[in-house]
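Novice: Mind looking over this structure? Questions follow.
The values are calculated or read from the model by the stated rules, or taken from the named source; none is laboratory data. Values in this document were obtained by computation on a predicted structure and should not be read as measured data. All Cβ positions, even for glycine, are placed from backbone atoms using ideal geometry, and neighbour counts span all protein chains on display.
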Amino acid sequence: MNIFQKIQERYIQEFTENIPFDEFLLNIIVVAILVSLLRLFYIRFGNSLSNRKKFAANFLPLALATLLVIMIVKSSIALSLGLVGALSIVRFRAAIKDPEELTYLFFVIGLGLAGGANQPILAIVSFLVIITLMFCNKLLTKKIAFKNENKMYVNIHTDQNDLKKITNILTDILPYVELKRMDTLEIGLDLSYICKTESIDQLEKLKNDITALSNQTKLSIIDQPDLII
């Protein structure tokens, strides 16, 4: 008996007895398709300030890794206990800056769990219901904009502490201003805004008015055409 026959008898046969191969492939395909659709939804309709395309690239490997782990441990109590012990000593330090990112990660893990538990129909139905509700919520809260030009990310680093004064400068010049983040410094503030501009003249006036606050005030403007506001 050659080595290939031994592998087939010991490993492949054992695998197919615990997890039918056709079901295994079906679950992987279903989860991969659903997660890919979720990735497109997040990139299009997400509100996170981070690079959504880069962040969403983690969805597929995370979902498939979750599916693999659940498929391996669900047939063995010993493996399940071993997994709990292993995870108890592992600390993940991923920087989640926005609660929305955490929400989508839980969604991805949920799809992976459904696939690993051999529940593809549950995964499909849950995905359709949740995505539909999320889309309706976007419509109801008026968070969707189908035009994505003239959006920008404005960061102001200053030694001034008057938040209202700084914000009023922006709102007096720009048609849309939304404060997204504020960090207090030892002296001054670090402010992050999502804004919309209509002309270069507005940006010129914004630059002059913001830098006139003090010599220590720094202005950074980054074009963000993918922002949804």
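Novice: If you take the residues in region 178-203 that are without any contact (Cβ under 8 Å) to a residue 40 or more places away in the chain and under 19 Å from D98 (Cα atoms), which one is surrounded by the most Cβ atoms within 10 Å (Cβ to Cβ)?
Specialist: L191
Novice: How do the pairs read when you match residues in region 41-61 that are at negative phi with residues anywhere that are at pLDDT below 85 and among the β-branched types (V, I, T), using Cβ under 7 Å and keeping only pairs 6 or more apart or on different chains?
Specialist: F45/I144; F45/I228; N47/I228
Novice: Looking only at region 53-78, filter to residues that are in contact with a helix residue (DSSP H, G or I) (Cβ under 9 Å, 6 or more places away or on another chain) and of a type in the set (D, E, K, R); which one of those is modelled with the lowest pLDDT? Quick ask: steps written out before the conclusion?
Specialist: Of region 53-78, the ones in contact with a helix residue (DSSP H, G or I) (Cβ under 9 Å, 6 or more places away or on another chain) are 53, 55-60, 62-76.
This time we only want the ones that are of a type in the set (D, E, K, R), so: 53, 74.
Numbers: K53: 84, K74: 71.
So, considering only residues that are in contact with a helix residue (DSSP H, G or I) (Cβ under 9 Å, 6 or more places away or on another chain) and of a type in the set (D, E, K, R), the one modelled with the lowest pLDDT is K74.
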